[in-house]
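Trainee: Below is one structure. I have some questions about it.
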Amino acid sequence: MPDAVRLLEPDGSIRWSFDHASWVGLGSGCAWFDENGRPSAVVPAGDGTQCRIVALDGDTGALVDEVRVEPDDPAGMVPVHQRDGWVGVAEAEGENASRAWWIRRANRHLQLLVARRDDEHLLDVNAAGSQILTSPLTGGIIRVRSFPELDLLREIRIPRENFILGACFVGTYIVARLYYREVTAVIDERNQIAELDVDDGWLVPAAGSWLSVGSDGIRRWWFS
């Protein structure tokens, strides 16, 4: 069976497939539904050494539109849903690069917004869709940027921290999972940092709260 994006029925049968080339290296794409239930995906192009984002027809899987993006062998692709139809697509290649694009479907065409930097992880978006969280590959810093301008609004330096595993907006706070000390911390509006007594699972944003995901299950946390 060729490499493909597939839409499955509730019983597991395949409604449609959109065939595509195989990644030449260890690349991996991702797929998502936008706020109107329309499918899109990141897939290889040509001989598998190029990358494209495709918009697909929800009923048939037919190609509606596509745009080419830069990486030839992307890894760690994650969609981040935002307001106004935008979906941020974050690529993280460890210490090599970290890129982000934002995609929006306007009628039958894709609109593409490209981050100006290739060394910042995209972590989260606030509820209003007006701000995003990023962290540089060098670690130790969380940045708040405006959206869609991507201008720097705020920079938070984490002492002794060499990597940010994840971070999200929770109301007026920012919650982050810190690698060096293996703790979850909360950051207030004055950039004051305090450790939280919560599970040490992987941090996942969850609409005014966050999830800790571990081998023993998923727990949801929020501030009362």
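The values are calculated or read from the model by the stated rules, or taken from the named source; none is laboratory data. Fair warning: this is a prediction, and the values are worked out from it, not measured in the lab. Note: ideal-geometry Cβ built from the backbone for every residue, glycine included; neighbour counts use all protein chains shown.
Trainee: When the range 136-160 is examined, which residues are found to be more than 14 Å from Leu122 (Cβ to Cβ) and in a loop (DSSP other than H, G, I, E, B)?
Mentor: Thr138, Gly139, Gly140, Glu149, Asp151, Ile158, Pro159, Arg160 - these are the residues of the range 136-160 that are more than 14 Å from Leu122 (Cβ to Cβ) and in a loop (DSSP other than H, G, I, E, B).
Trainee: Please find, among Val183, Val144, Val170, the residue that is surrounded by 14 or more Cβ atoms within 10 Å (Cβ to Cβ) and at pLDDT below 95.
Mentor: Selected residue: Val183, the only one of Val183, Val144, Val170 that is surrounded by 14 or more Cβ atoms within 10 Å (Cβ to Cβ) and at pLDDT below 95.
Trainee: When only residues in the range 55-77 that are in a strand (DSSP E or B) and touching a residue at least 40 places away in the same chain (Cβ under 8 Å) count, which is nearest to the chain's Cα centre (by Cα)?
Mentor: Ranking the qualifying residues of the range 55-77, first place goes to Val69.
Trainee: Being assigned to a loop (DSSP other than H, G, I, E, B) and at pLDDT 85 or above is the filter; apply it to the range 78-93 and report the residue that is surrounded by the most Cβ atoms within 10 Å (Cβ to Cβ).
Mentor: Ranking the candidates gives Gln82 first.
Trainee: Let me ask something additional. Take the residues in the range 1-53 that are assigned to a loop (DSSP other than H, G, I, E, B), among the small types (Gly, Ala, Ser) and under 19 Å from Arg105 (Cβ atoms), then tell me which one is farthest from the chain's Cα centre (by Cα).
Mentor: Taking the candidates together, the pick is Gly37.
Trainee: If you go through the range 120-154 one residue at a time, how many are among the small types (Gly, Ala, Ser) and farther than 22 Å from Ser209 by Cβ?
Mentor: Going residue by residue through the range 120-154, those that are among the small types (Gly, Ala, Ser) are 127-130, 135, 139-140, 146.
From what's left, farther than 22 Å from Ser209 by Cβ: 139-140, 146.
Total meeting the criteria: 3.
Trainee: Here's something else I'd like to know. Examine the range 8-15 for a residue that is of a type outside the set (Phe, Trp, Tyr) and either buried (at least 17 other Cβ atoms within 10 Å of the Cβ) or in contact with a Ser or Thr (Cβ under 8 Å, 6 or more places away or on another chain) (or both), and state whether such a residue exists.
Mentor: No: zero hits.
Trainee: Say we look at the range 187-214 and pick out the residues that are under 19 Å from His81 (Cα atoms) and surrounded by fewer than 13 Cβ atoms within 10 Å (Cβ to Cβ); which of these is modelled with the lowest pLDDT?
Mentor: Ala207
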